[in-house]
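Colleague: Below you'll find the structure I mean.
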Amino acid sequence: MKRVEVASQNAPLQPIMIQGPMPIEAEYFAALLDNTTTEYSGNAVFYKGTLNGYPIVVAKTGKGLENTAAATAIGIERYHPRLIINQGTSGGHDPSLKVGDIVLGERSINASNFKTPKLAQGEGSQPFNWLPMDLMASEGSAGEGSSAKDAEKLRFYLGDKQLINLALSLSKQYKRGNVVKGTIGSGNFWNNELDRIAWLHKNMGTSVEEMETASAAQIAHAYHVPFLGIRVLSNNITNHGEYDPTTAKDCQAFVEKVVRAYISALSE
């Protein structure tokens, strides 16, 4: 009897997703891709292509916590990435870090979640007395009621250890500065108050601040997607390090090395 044998299909490779908020933080990496197509959703732009023959999605998320959360959720639902790297520029909180240094997000934290103590009209504001507010501590109120006390704590999202170790192994190939592990603080703010920066550095352990990583980490965690934040210092007012936008390209070039090494390891 005649017969036909139909081979089983290989599952499509899950892409690696690289995120950057602004054009200078995403478009250099997007230009590295082969066979690129572009897709849009809301405020986000997704560049699909390949690097070393492996599928990559570069997401230009837009600035801020909200844009990043939306782009991360859309990207996960649409492209099902095997891992996410959120990268870009940042401002220094640690005086030992210089412009051009890279911080690997061993931890990230939303540094803008606070509950203020009760003060009467005319008593002013006392930001150094603000309490942390963990919005994920319970489904109840984080500000009032029985669940509020449980919310008075810091929530850190841990970076993927495999990716951190891989990035550290490539640190000597990065010539613009040092590559170190640290804590990335995120919030929709741009701090120019040295005392406030010092307070965040002391109480939250922040190495740098920016507006995206913790938001992406939270969504990636919810979907069980391995995640790492990689941030270059573009400025550090704690040691007079002036803003240098060219660091955005340096960061993407380092992330390229990390991604190429990761892809190479997959085939071993």
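The values are calculated or read from the model by the stated rules, or taken from the named source; none is laboratory data. Only a predicted model underlies this, so the values are computations on that prediction, with no experimental measurement involved. Heads up, the Cβs are rebuilt from the backbone with ideal geometry, glycines too, and the neighbour counts pull from every protein chain shown.
Colleague: Contact list please: Cβ distance under 6 Å, first residue in segment 130-154 and surrounded by 14 or more Cβ atoms within 10 Å (Cβ to Cβ), second residue aromatic (Phe, Trp, Tyr) and outside any loop (DSSP other than H, G, I, E, B), pairs at least six apart or on different chains.
Modeller: The qualifying pairs are Trp130/Phe114; Met133/Phe114.
Colleague: Continuing with this model, one more query. Under the condition of being of a type in the set (Asp, Glu) and in contact (Cβ under 8 Å) with a residue 60 or more places away in the chain, which residue from segment 60-111 is surrounded by the most Cβ atoms within 10 Å (Cβ to Cβ)?
Modeller: By that ranking, first place goes to Asp101.
Yes/no matrix, rows are residues, columns are (1) touching a strand residue (DSSP E or B) at 6+ places or on another chain (Cβ under 9 Å); (2) of a type in the set (A, V, I, L, M); (3) in the same structural domain as Leu163 (by TED's automatic domain parsing); (4) within 23 Å of Gly53 (Cα to Cα):
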residue	(1), (2), (3), (4)
Gln218	yes, no, yes, no
His221	yes, no, yes, no
Phe227	yes, no, yes, yes
Val232	yes, yes, yes, no
Asn236	yes, no, yes, no
Asn239	yes, no, yes, no
Tyr243	yes, no, yes, no
Thr246	yes, no, yes, no
Glu256	yes, no, yes, yes
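Colleague: Among the numbered conditions (1) closer than 24 Å to Tyr174 by Cβ; (2) within 13 Å of the chain's Cα centre (by Cα); (3) of a type in the set (Val, Ile, Thr), tell me where Thr68 comes up short.
Modeller: With respect to (1) closer than 24 Å to Tyr174 by Cβ; (2) within 13 Å of the chain's Cα centre (by Cα); (3) of a type in the set (Val, Ile, Thr), Thr68 is out only on (1).
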